[in-house]
Amino acid sequence: MSFILNQPPSMIAKEAKERAEVDGDEPAKKSREDYKKQKELEEARKAGTVPAMQDESGKDINPHIPQYIMQAPWYIQSKVPTLKHQRIHDEKKKVFASLEKWQKKGIKEGPVATKYRKGACDNCGAMTHKKKDCLERPRKVLAKYSGADIRPDEHIPETIGFDYEGKRDEWKSYDTDTYNEEKQEEHEKLEEAKRQLKTTKLDQMIESGETSEMKARDSDDEDELKYADDVDMPGQKFETKQRITVRNLRIREDTAKYLFNLDVNSAYYDPKTRAMRGNPLQGTNKDPSTSYQGENFARATGDANNMALQQKFAWDAFERGADVHLQADPTKLELLNREYKQRKDTHEDSKKDAILNKYGGVEHLQAPPKELLLAQTENYVEYSRTGMVVKGQEKAVIKSRYEEDVYFNNHTSVWGSYWSCGKWGYKCCYSTIKESYCTGEKGRDAAGMEQSAVSQMLGDVGEAAGERDSETEEPVKSLMEQHQEKLEKKRSKNKKKKSKRSKKKRRRKESSSSSDSESAESEDEEIKKERKIREYMKKQEAEEKRNALLLKMDERKRPFNSMVDVKEPNEEEMEAYRRRMKLSEDPMSRFLT
């Protein structure tokens, strides 16, 4: 299906004449390639690989519509694809009144006229009809002459156009207020009749002296009132005979099953039965043990398996002649199942012992496991590059024969976790006495003060001893030795100065080279960016020229270009667009061209 311009012959001849005067050529017919391209485009539209045609209002046209339906008649003179000729025109559409609207009938409310009015009915005096249309009995003396008993005016019903449903509406012009009033009156009458019946029964019972039955009935009435308060509560089912309330809705604080996993491809939720049999958290990182795992999990865990096994045993026993039933007599079934299991175990043990006594081989059953014999195991373990276990079970940590992480006397660390001055101790209190009581931070402070005092004393003693040694043991040097020492000190000072200068020079060179490299890199980046911006500007200019040429071409010869991959423009493209864009408010923009 494709759009073909349908024009009258006079218009076609006129356009051909105008084209011949301008171009000097006759209108060319479509070639075989043009028809082939048109056919391929129609097939692509039907397959959905190419966007469908749109009408003048922007709505898609179904490509499977036949050509004779889609083609507009020549007298519409449509130059774009359209389906307007197949739709009902707005001026021909019928407008119907809503179901809520209805004619108001009856007598008008308000004061009634006391005198005859000109133009009113001669018989009754109403303004809404004439004498020939009056439905009252003809009076002996008309209201026109007597002026007495003037009747009120009626509502003149409007002519309302209803559709098929409005004409056949059963409840049209129905007033809900009147229905509520009637029901309320009926209920009040019923309650009044119940009260009267109850008072008559009480009077009869008082006369006969049956006071105990009266008290019992009063208590029953109180119970009825007590349970009747909770009847209207949501999620409660009231049973008048059993005096119980049954909960049939979930608690509001519970999370709904369909909210555990919002993925569309997760477990199916049946809204009618409110059931979710699969696990909604399967394939997610959430811990399934802490939340809902589906109804199949609940059916396959806990007592559900035992219940299924019991039912199977009951069926097997019933086939063998035992009269047992799971629901009718569960205790009998449980005892019978236990006895059957004990007999089965004893029979298997006796069978095993008989085979071993006959053929031997008890020593093979008492052999150690294969892991110890062959130093091999079939447990699959997968490790990462760092040596961590990715899949499988980690090796058990080898424990020593001594007790580990055992703390005595209020200690929070083990003995040997602290070392000072050649002694072991506790790290929690810096105590070096084994099996002492922990003193905490106070013990740490005391140990620190003691160490500082000892180190200070040792320092003072060392300084005093050094001074004594220097005073007593210092030998007398000659003038030559003193002169050599001075020269060595000067040389060492000069060397230090030279090394400092050389270090400063190196730092300056390094800083200058780093700054030059950074500036060069930044300059290179700016040059590259500027080059990209210029390239994008040239591309945009070429694209604008191409678009201008395409707009000048005939629509039938213009290439179709809807499969172009559109990407988000980068920073350089946006900068090129801004540079090429002219500002209309710029007063100097007209001097640039």
In segment 143-172, anything assigned to a loop (DSSP other than H, G, I, E, B) and under 28 Å from A113 (Cα atoms) is listed as G147, A148, D149, I150, R151, P152, D153, H155, I156, P157, E158, T159
How many residues, within segment 150-174, are open to solvent by 100 Å² or more (accessible area, probe 1.4 Å) and among the polar types (S, T, N, Q)? 1
Screening E100, E136 for residues that are at pLDDT below 90 and part of a loop (DSSP other than H, G, I, E, B) leaves only E100
Looking only at residues that are without any contact (Cβ under 8 Å) to a residue 24 or more places away in the chain and open to solvent by 90 Å² or more (accessible area, probe 1.4 Å) in segment 107-132, which one is nearest to the chain's Cα centre (by Cα)? E109
Name the helices (runs of 4 or more DSSP H) wholly within segment 288-389 that hold at least 2 residues that are modelled with pLDDT of 85 or more? 303-319, 330-359
Of those in segment 390-403 that are of a type outside the set (S, T, Y) and open to solvent by less than 100 Å² (accessible area, probe 1.4 Å), the residue modelled with the highest pLDDT is V390
Does G321 count as out of contact with any helix residue (DSSP H, G or I) (no Cβ under 6 Å at 6 or more places or on another chain), of a type in the set (G, A, S) and within 30 Å of A267 (Cα to Cα)? no
Which of the residues spanning segment 284-310 are over 30 Å from E339 (Cα atoms) and free of Cβ contacts under 8 Å to residues at least 12 places away in the same chain? N285, K286, D287, P288, S289, T290
Would you please name the residue that is farthest from E404 (Cα to Cα), looking only at residues in segment 417-434 that are open to solvent by 100 Å² or more (accessible area, probe 1.4 Å) and within 60 Å of the chain's Cα centre (by Cα)? W419
In segment 336-349, anything open to solvent by 100 Å² or more (accessible area, probe 1.4 Å) and either in contact with a helix residue (DSSP H, G or I) (Cβ under 6 Å, 6 or more places away or on another chain) or of a type outside the set (D, E, K, R) (or both) is listed as Y340, Q342, H347
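The rows are residues; the columns are (1) at pLDDT below 80; (2) within 30 Å of L41 (Cβ to Cβ); (3) open to solvent by less than 100 Å² (accessible area, probe 1.4 Å).
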position	(1), (2), (3)
E510	yes, no, no
R531	no, no, no
L551	no, yes, no
K557	yes, yes, no
Restricted to segment 75-97, and to residues that are closer than 25 Å to R168 by Cα and surrounded by 10 or more Cβ atoms within 10 Å (Cβ to Cβ), which residue is modelled with the highest pLDDT? F96
Count of residues meeting criterion [at pLDDT 85 or above, open to solvent by 100 Å² or more (accessible area, probe 1.4 Å) and aliphatic (A, V, I, L, M)] in segment 559-593: 0
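The values are calculated or read from the model by the stated rules, or taken from the named source; none is laboratory data. These figures come from a predicted structure and were not determined experimentally. Because the Cβ atoms are built from the backbone with ideal geometry, glycine has one as well, and the counts that use them run over all protein chains shown. Remember, those area values only see protein heavy atoms, side chains included, never the ligands or the DNA or RNA. Shrake-Rupley method; radii C 1.70, N 1.55, O 1.52, S 1.80 Å.
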